[in-house]
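Okay, so here's the structure we're looking at.
Each reported figure results from applying straightforward, stated rules to the coordinates on display, with no laboratory input. Quick caveat: nothing in here was measured; it's all calculated off a predicted structure. Methodologically, a virtual Cβ is constructed for each residue, glycine included, from the backbone with ideal geometry; neighbour enumeration extends over all protein chains shown.
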Amino acid sequence: MSTSTGDRNPPQDTSSGPGGSASSQTSNGGYNTQRTGQGAQYSDELDNSEDLVSEVEEEEMPEETEEEYQTKQAVLKASLPFVHQYGWTKKAIVAGAESLGMPSMVHGMFPRGGAELVFYFYEESNKELESFLKQKVTELKEKDEKIKTGPFIHDAIETRLRMIIPYIDKWPQAMAIQTLPQNAVQSWTNLSRVVDDIWFYAGDKSNDFNWYTKRGSLAAVYKSTEIYLIQDRSEDYTDTWNFLENRLEDVVSAGHLARNLQETNTVLSEGAKGFCVMVSQVPTIPKPTEPNRNDK
Amino acid sequence: ISQRAKDEKTRKLLSRIIRVDQAGELGADRIYAGQIAVLGNTPVGPIIQEMKEQEQEHLETFNKLIVEKRVRPTALLPLWNIAGFALGAGTALLGKEGAMACTVAVESVIGEHYNSQIRDLMEDDPEKHKELIKKLSKFRDDELHHHDTGLEHDAEKAPMYDALSQVIKVGCIGAIWLSERI
């Protein structure tokens, strides 16, 4: 289990890769000139190659500044409309950057390429979901109504999945990108965010292992419904929402089954204990006296 | 360093602290439960019972904080549940001195741990974390009181006291490390 998952996730998590932005490279500038400056003595420097290697390792990548972050967000936002044409790829990012008047080289800010676009879209959708959930909870509070967990969760998942529909033509590609090993951790973090938000606003107060079972089961429902969605051809995807309802019912009945099994277990073990006590008392039962065969 | 990154750092610190403290209090509660299972009917029973009730209070506080601050509880809770009870019962089978030795070892690790958490919180933002720092300080004092109680009741007379104490301390430190991350 990754350490960064499960907790309420950071708002955005686009990390600055080794390429970094133009501004971050200036901090390496000094080192670079040292290395290539003395051409004639280059062969001598090769003897000190261990020092060169350790110098590289010591140079730490500077943290992404707020300005870099905002720039990246703007580029990704502008790239989304190009997804239909180019898919979730660097090409789309380049098109987006150019539409903002930036040079195409800006794609160097996104070392993970198309995956960055997928994550950006996923995280923005998660934010939208959160504000939807917050609003719903506020509305219910104002009307002084209690949250009905089942319908609430159904609505939440339906809302979140509907955000995919505008991009559904290219969503299978996005799902494939998310399953790549280098993207798996971030994808899992994003999914955890969805289920944690839904449960939190639905009023979940668990503080033990139920925390995990609830989120795990909801993640399974969400994922399976997402897969169903991308091949659904029904009007307004009503088949998908029926599928979702059935999956949620499965979870509820699994919970009932678990509870029944537990009760059965208690009854059976009490019964077994009682039986053992009874058996242990058998030696204390007095033997019936033999009738005297000589009596007539 | 941007405000966003700073908030993220604080959030991670708080999550870690609350997660490991909840696990620790559950473990401590279960250790005392194990000890009571063996030594409940002896003269030292009521003393252990009192300590257990204080741990229960601590546990309830952290259970509330987990929900309030939206912290993920450690996935190892079921493990600490069983391991704590086993440790308590196991050391209690060595006699009352064994149980007390276990208490002393565990409480000394926990006391140090609370102190380092308080230090981390003060370093991060003493104003923002004032409430939490107060709670942790009180709990630390309770744990040290338990530690002293254990010593008063002949912990050091336990069989293989030094070895027992070391093993338990190392185990606790390992459990703390794991619960902070998993």
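Things to note:
- Positive-end residue of A:Asn265, A:Thr213, A:Asn190, charge dipole of segment A:188-296 with Cβ unit charges: A:Asn265
- Residue order, fewest to most beta carbons within 10 Å, for B:His153, A:His107: B:His153, A:His107
- Per the Kirkwood formula applied to alpha carbons, the protein assembly as shown shows a radius of gyration over Rh ratio, Rg over Rh, of 1.11.
- When shorter helices are ignored and each DSSP H run of at least 4 residues is given -39500 (n - 2.57), the per-residue value for the protein assembly as shown at 222 nm works out to -25000 deg cm²/dmol.
- Placing +1 on the Cβ of every Lys and Arg and -1 on the Cβ of every Asp and Glu, with no other charges, gives the protein assembly as shown a dipole of roughly 1760 debye about its Cα centre.
- For segment B:47-61, 3J(HN,Hα) computed residue by residue from phi via the Karplus equation (6.51, -1.76, 1.60; θ = phi - 60°) reads 5, 5, 4, 5, 5, 4, 5, 5, 4, 4, 4, 4, 4, 4, 4 Hz, glycine and proline entered as x.
- Relative contact order for chain B, counting Cα pairs under 8 Å that sit 6 or more residues apart, in percent: 29
- Between segment A:126-148 and segment B:120-142, the alpha-carbon centres lie 33 Å apart.
- Footprinting exposure proxy ranking of B:Cys172, A:Cys276, fewest other C-beta atoms within 10 angstrom first, gives A:Cys276, B:Cys172.
- Remark: C-alpha extents of segment A:64-111 on the principal axes read 31, 20, 16 Å, sorted largest to smallest.
- Taken about its Cα centre, segment A:64-111 carries a charge dipole of roughly 300 debye when the Cβ of each Lys and Arg holds +1 and the Cβ of each Asp and Glu holds -1.
- Exposure proxy for A:Val137, B:Val167, B:Val44: other Cβ atoms within 10 Å of each Cβ, ordered fewest to most, give B:Val167, A:Val137, B:Val44.
- Gyration tensor (alpha-carbon) shape descriptor, segment B:4-135, a/c threshold 1.5: prolate
- Top positive-direction residue, dipole computed over segment A:83-166 with Cβ charges, set A:Phe119, A:Pro166, A:Met102: A:Phe119
- Charge context of B:Pro159, other residues only, Cβ under 14 angstrom, K/R +1, D/E -1: -2
- Low-density loop cleavage sites - GluC sites (Glu not before Pro) in segment B:89-182, where at most 12 other Cβ are within 10 Å (DSSP): B:Glu127
- Positive dipole terminus of the protein assembly as shown, leading residue within B:Pro43, A:Pro286, B:Ile17 (C-beta point charges): A:Pro286
- Its Cα gyration tensor gives segment A:115-267 an equivalent ellipsoid, and the semi-axes of that ellipsoid, as √(5λ) in whole Å with the largest first, are 27, 19, 17.
- Per-residue ³J(HN,Hα) for segment A:184-196, Karplus 6.51 cos²θ - 1.76 cosθ + 1.60, θ = phi - 60°, Hz, x for Gly and Pro: 4, 4, 5, 4, 5, 4, 4, 5, 4, 4, 4, 6, 5
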